[in-house]
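Below you'll find the structure, written out as structure tokens, and then a few comments.
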Amino acid sequence: MRLLLPFSSPLSATSSPSTPQFIPELPPPSQFDYSGLTKILKKSVIGTLTGALSLTLVFSSPISSVAATNDPYLSVNPPSSSFESSLNHFDSAPEDCPNEEEADTEIQDDDIEPQLVTNEGIVEEAWEIVNGAFLDTRSHSWTPETWQKQKDDILASPIKSRSKAHEVIKNMLASLGDQYTRFLSPDEFSRMSKYDITGIGINLREVSDGGGNVKLKVLGLVLDSPADIAGVKQGDEILAVNGMDVSGKSSFEVSSLLQGPSKTFVVLKVKHGKCGPVKSLKIQRQVNAQTPVSYRLEKVDNGTVSVGYIRLKEFNALARKDLVIAMKRLLDKGASYFVMDLRDNLGGLVQAGIETAKLFLDEGDTVIYTAGRDPEAQKTVVSDKKPLITAPLIVMVNNRTASASEIVASALHDNCKAVLVGERTYGKGLIQSVYELRDGSGVVVTIGKYVTPNHMDINGGGIEPDFRNLPAWDEVKERLSKCSILQQS
């Protein structure tokens, strides 16, 4: 069984510049159609959609904010420095490994013939996923006993076709009464698993080595992608990107390092299998992610006050990096106040939202709590760096501000870093995981929920703003000051 990582909306595949766009005037909020939110548990993974985002990722450090122009590998020609001389060079593996024959056998695991999958087996596999992970957030009537009885009733009669098995799974999931828990046909799952945030066709996950250390593994590889063509293998360990050791970095952080303008090159150092060999590979990027950031500087109070306005359309893999660029440029232009517009932002990568919130929070501030049946789903996500800016902030929200956007809005509001202006938010605080079944189909299952730093369950109710209309900046500062005093006391 393969498992996709968490996300809260599909991302645009439209090619566009990877830097935030400066806009002369405020456009009306765009309309987007996103859905879903996934969260990883423990199984093998296909992709970082979201990706990126498993709960193992939510504790990661903020990703690099270096602009693309500072990357010596961002050129349309392959790297020509002395580092290139190491390309195609194989290093011996330092760890204690089995003999060569055993290692070769391990590397060739992909060639093992798959076992025959019965119709009943597919139904039972879907049943087991729900039995182990499903969180009933609506009716609260689900019990292991009733779920067991349902399986017994279903499997009492033979299931004579694969289409019938899929229909049984659909009905079984529908009986849970959860609108987000659903079946995916093989075609639907295939389209979802091919989502790529790195630009080279791989998806990464942190994997424990059993000794307290974490390795970054390729657990999703798009067929005929740049990485596939260059020789990256499923299960490869990532050791370095452009000569930079990635030890201790999260999968989201390293995915960000892999990004760059389309047709430029990145050098990836990987170790094939458990025992090597180690190889450095030149890979040409094929980037489709669209920058979600637009911004401008406005003068208010007869030109005496400069306000940096930033619009975030979605939280994709470029969101944090491009937001950092925009804020620094606005600060250089003299911005002393900021407005972040999250209206009609229905989410995206949950981890991108978390990392965005950290830009404004003090070290140790709570970003979000997660809750679920599995102990791995019960976490406290905290900020681990000092804030990029400390200027007063307004976050604009409406009834289409959802999921990752609500994580950002609640984190900044509850930690007294921003006031919320507009309408009550959508109220999407659930976590879904996407699992592949053995016949290539899949299931999306609700396995957890998010709780705000002030311990509010936003799912279904949303977040109430502080103001309906834009307040004066003096009022904003007064509100944030009172909030901080109350929080300290």
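The values are calculated or read from the model by the stated rules, or taken from the named source; none is laboratory data. Predicted model only: the values in this text are computed from it and were never measured. Please note: Cβ atoms are built from the backbone with ideal geometry, for glycine as well, and neighbour counts cover all protein chains shown. With ligands, DNA and RNA removed, areas are computed over all heavy atoms of the protein, side chains included. Shrake-Rupley method; radii C 1.70, N 1.55, O 1.52, S 1.80 Å.
Let's see how each residue does on (1) more than 24 Å from TYR309 (Cβ to Cβ); (2) modelled with pLDDT of 95 or more; (3) among the aromatic types (Phe, Trp, Tyr):
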{"site": "GLY348", "(1), (2), (3)": "no, no, no"}
{"site": "LEU361", "(1), (2), (3)": "no, yes, no"}
{"site": "ALA404", "(1), (2), (3)": "no, no, no"}
{"site": "HIS413", "(1), (2), (3)": "no, yes, no"}
{"site": "VAL421", "(1), (2), (3)": "no, yes, no"}
{"site": "ILE431", "(1), (2), (3)": "yes, no, no"}
{"site": "GLU436", "(1), (2), (3)": "yes, no, no"}
{"site": "THR452", "(1), (2), (3)": "yes, yes, no"}
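Give me the pairs: first residue in the range 148-171 and more than 15 Å from GLY121 (Cβ to Cβ), second residue assigned to a helix (DSSP H, G or I) and open to solvent by less than 50 Å² (accessible area, probe 1.4 Å), beta-carbon distance under 7 Å, and six or more apart or on different chains, which are they?
Listed by first residue and then by second, the contacts come to GLN150/MET172.
Is there a residue being open to solvent by less than 40 Å² (accessible area, probe 1.4 Å), over 22 Å from VAL444 (Cα atoms), of a type outside the set (A, V, I, L, M) and at pLDDT 80 or above anywhere in the range 201-215?
yes
State which residue is surrounded by the most Cβ atoms within 10 Å (Cβ to Cβ) when the search covers only the range 160-199 and only residues that are among the basic types (Lys, Arg) and not in a helix (DSSP H, G or I).
ARG182
Given the structure, is LEU330 in a loop (DSSP other than H, G, I, E, B) and either of a type in the set (A, V, I, L, M, F, W, C) or touching a Cys at 6+ places or on another chain (Cβ under 7 Å) (or both)?
In short, no.
In the range 309-327, what count of residues is obtained for those that are assigned to a strand (DSSP E or B) and touching a helix residue (DSSP H, G or I) at 6+ places or on another chain (Cβ under 8 Å)?
Here the count works out to 3.
Under 7 Å by Cβ, and 6 or more places apart or on different chains, what pairs join a residue from the range 336-358 that is within 17 Å of ALA317 (Cβ to Cβ) with one that is of a type in the set (Phe, Trp, Tyr) and surrounded by fewer than 24 Cβ atoms within 10 Å (Cβ to Cβ)?
Note: pairs meeting the criteria are LEU346/PHE32; LEU346/TYR34; GLY347/TYR34.
Go through the residues of the range 365-380 one by one and say whether even a single one is in contact with a helix residue (DSSP H, G or I) (Cβ under 9 Å, 6 or more places away or on another chain), closer than 29 Å to THR304 by Cα and not in a helix (DSSP H, G or I).
No, the range 365-380 contains no residue that is in contact with a helix residue (DSSP H, G or I) (Cβ under 9 Å, 6 or more places away or on another chain), closer than 29 Å to THR304 by Cα and not in a helix (DSSP H, G or I).
Pull out all pairs, ordered by first then second residue, where Cβ-Cβ is under 9 Å, the residues are six or more apart or on different chains, the first lies in the range 451-480 and is among the basic types (Lys, Arg), and the second is assigned to a loop (DSSP other than H, G, I, E, B).
Cβ pairs passing all conditions: ARG468/GLU423; LYS477/PRO392; ARG479/CYS416; ARG479/ASP466; ARG479/PRO471.
Test LYS449 against the criterion of being surrounded by fewer than 24 Cβ atoms within 10 Å (Cβ to Cβ) and under 30 Å from ILE169 (Cβ atoms), and give yes or no.
yes
Quick one: in the range 256-308, of everything that is closer than 30 Å to ALA472 by Cα and not in a strand (DSSP E or B), which residue is least open to solvent (accessible area, probe 1.4 Å)?
Here the answer is PRO292.
Take the residues of the range 131-159 that are in contact with a helix residue (DSSP H, G or I) (Cβ under 7 Å, 6 or more places away or on another chain) and within 29 Å of GLY461 (Cα to Cα): which is least open to solvent (accessible area, probe 1.4 Å)?
Ranking the qualifying residues of the range 131-159, first place goes to TRP147.
Can you tell me which residue within the range 227-247, out of those that are over 17 Å from GLY276 (Cβ atoms) and touching a residue at least 60 places away in the same chain (Cβ under 8 Å), is surrounded by the most Cβ atoms within 10 Å (Cβ to Cβ)?
This residue is ASN242.
Here is a check on your reading of the model: is ILE463 among the hydrophobic types (A, V, I, L, M, F, W, C) and modelled with pLDDT under 90?
No.
Here's a check for you: in the range 216-229, which residue that is outside any strand (DSSP E or B) and modelled with pLDDT of 85 or more is farthest from VAL434 (Cα to Cα)?
Result: ILE229.
Quick one: would you say VAL443 is open to solvent by less than 10 Å² (accessible area, probe 1.4 Å), outside the structural domain of THR304 (by the TED database) and among the hydrophobic types (A, V, I, L, M, F, W, C)?
The answer is yes for VAL443.
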